[in-house]
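Asker: Here it is: the structure, laid out below.
The values are calculated or read from the model by the stated rules, or taken from the named source; none is laboratory data. Since we're looking at a predicted model, the values are computed, not measured. Cβ atoms come from the backbone with ideal geometry, glycine included; neighbour counts cover every protein chain shown. Accessible surface is based on the protein model in full, side chains and every heavy atom, while ligands, DNA and RNA are left aside. Shrake-Rupley method; radii C 1.70, N 1.55, O 1.52, S 1.80 Å.
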Amino acid sequence: MAKKQYDYLVVGSGLFGATFAFVMAEKGKKVLVMEKRNHIGGNAYTETIDGINVHRYGPHIFHTSDKDVWAFVRRFAEFNNFVNSPLASYRGELWNLPFNMNTFYRLWGTATPEEAQKKLASQIAQLNIAEPKNLEEQALILVGPDVYERFVKGYTEKQWGRKCIDLPASIIKRLPCRFTFDNNYFTDRYQGVPIGGYTPMVEKMLKDVDVITGVDYFDCKEGDFYAKKTVYTGMIDRFFGYVYGKLQYRSLFFETKTINQPNYQGVAVINYTDRHAPYTRIIEHKHFEFGTQDRTVISFEYPAEWKEGMEPYYPIGDKRNTALYRRYADLARSRTDVIFGGRLGAYRYYDMDRVIRLALDLGKKELSNRGE
Ligand code: FAD
Ligand code: UDP
């Protein structure tokens, strides 16, 4: 292991760590990035299988309205014009997502936004929910019972392994519902996927940084490395030896296979929204980059309860975990030698553009604290 003196040790080579490392290295700081997996890129990592860039930790579509972030990522990669328009499969039928005029036309025969809004409003009015107490009630007053039963209930209960009535309303606020015939899942100004995948993009970000992979920070001993400050993007509860108890996470596992046909499902992502399919999504990776290969690679995405040793994909933002995280965040604030960041350090679901924005801001702050 390198025994150089570093200005910063960055634990984790995801987009938070890589962005911060780049910003500091660009200003001449010596940075070591330490990654426990055997590759860089965090959950955005892509690996090439049969000439297809496979999103190993789930489908990653870059979308942002933040001009600086968009300019920043394009220093390291050319982005294509992929637009995310996933489909929903419910009991063998295919439907458009997000919930939009195409969905409503098919459900209710409503041809205009006014008709669809009236229909939805009349369904919601009958529910008599004033203040939503849980995810089910929140979803019902957002999208009404027809959409909820087909596209939300089964998917959400599989995804979170809990009943919708036991989940916080906040999760569902991410669900877009709109009255246009627009199947673009996101509303951001900029969207795309880096041509060639995310891994080469992160490699370029880390070009002037020392990187070690396959090393867990907690397996290192005093004196293995020397850094003035640490930026830690792993699990915050693990950092503090779980002193207050364990935070909960939702995990996933992926079953990936190559198929000897050029086009399996004709779209990058299909959500399986009924309870019968054990997986939540099938991802066909070549469609992220308009691939024309003879073969195709698909992944079935299965949600799972997180246990030690599994990947902690999603923080669970219920009352217990939020309160527990606050206690760890108080401990974190008392550490002047360590900065906690990224989705695991902050125990928050962040999109990629958000972690990049936060890492850029942190870099700026660190440099200004040093008077640079
Ligand atoms: P991570 O990418 O998780 O990186 C943290 C790194 O730290 C990991 O590589 C980990 O191995 C390493 N690490 C942890 N502990 C240690 C340790 N003790 N020692 C050494 N290394 C350690 N965002 C979008 O914008 N668009 C999408 O379409 C999208 N789709 C997603 C789909 C799924 C299934 C998931 C789970 C997330 C998705 N995201 C998406 C979110 C995106 O993955 C995150 O915003 C991003 O990965 C966060 O980067 P990060 O650096 O904070 O964390
Ligand atoms: N969701 C759903 N049906 C869908 C897609 C999403 O009910 O077809 C719900 C589900 O509760 C999920 C949340 O919306 O947890 C957020 O989903 P999204 O796809 O926006 O986010 P991600 O899976 O990337 O976290």
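Asker: With a 1.4 Å probe and every protein chain left in place, tell me how much accessible area residue 337 has, in Å² to the nearest 10.
Answerer: 60
Asker: Next question, about the same structure. In debye to the nearest 20, how big a dipole does the range 23-63 give about its Cα centre with +1 on each Lys and Arg Cβ and -1 on each Asp and Glu Cβ? It would help to have the intermediate numbers written out before the result.
Answerer: Details: 6 positive and 4 negative charges, 65 e Å.
The calculation lands at about 320 debye.
Asker: Give me the percent of Cα-Cα pairs in the range 283-329 that sit more than 12 Å apart, rounded to a whole number.
Answerer: The proportion of pairs with Cα distances above 12 Å equals 75 percent.
Asker: Checking the cross-link filter: which aspartates and glutamates have an alpha carbon closer than 16 Å to that of residue 228, excluding same-chain neighbours under 8 positions apart?
Answerer: 7, 210, 337, 366
Asker: Give, as a single signed number, the net charge of other residues whose beta carbon lies under 12 Å from the beta carbon of residue 140, with Lys and Arg counted +1 and Asp and Glu -1. If you can, show how the numbers build up before the last one.
Answerer: Details: positive: 133, 153; negative: 136, 137, 146, 149.
So the surrounding residues net to -2.
Asker: Share of Cα-Cα pairs in the range 21-162 beyond 23 Å, in percent?
Answerer: Values: 5929 of 10011 pairs.
Summing the P(r) tail past 23 Å for the range 21-162 gives 59 percent.
Asker: Return the Rg/Rh value of the range 232-334, two decimal places, where both radii are evaluated on C-alpha atoms and Rh is the Kirkwood radius.
Answerer: Numbers: Rg = 18.7 Å, Rh = 16.3 Å.
Ratio value, two decimals: 1.14.
Asker: Out of all Cα-Cα pairs in the chain, roughly what percent, to the nearest whole number, are more than 34 Å apart? Don't skip to the end; give the middle numbers.
Answerer: Numbers: 22328 of 69006 pairs.
Looking at the chain, the distances longer than 34 Å represent 32 percent of pairs.
Asker: Turning to a different aspect of this structure: Compute the distance in nm between two label points, each set 7 Å from the Cα along the Cα-to-Cβ direction, one at residue 112 and one at residue 79.
Answerer: Each label point is offset 7 Å from its Cα along the Cβ direction, giving 3.7 nm.
Asker: In whole Å, how far is the Cα centre of the range 287-301 from that of the range 331-372?
Answerer: 35
Asker: How large is the dipole of the chain about the Cα centre if only Lys and Arg carry +1 and Asp and Glu carry -1, each at its Cβ, rounded to the nearest 20 debye?
Answerer: On the way: 52 positive and 45 negative charges, 169 e Å.
In debye, rounded to 20, the chain gives about 820.
Asker: Helices from the chain with mean Kyte-Doolittle at least -0.5 and a Cα length along the axis of 18 Å or more, per DSSP H: which? Can you show the working numbers first?
Answerer: Details: long enough: 319-333 (21 Å, -1.28); 352-369 (26 Å, -0.24).
Long hydrophobic helices here: 352-369.
Asker: Take the cross-link list 36/365; 319/364; 229/364; 246/319; 286/307; 36/364 and give me the ones stretching past 25 Å between alpha-carbons.
Answerer: Values: 36/365 27 Å; 319/364 33 Å; 229/364 15 Å; 246/319 14 Å; 286/307 31 Å; 36/364 27 Å.
Correct reply: 36/365; 319/364; 286/307; 36/364.
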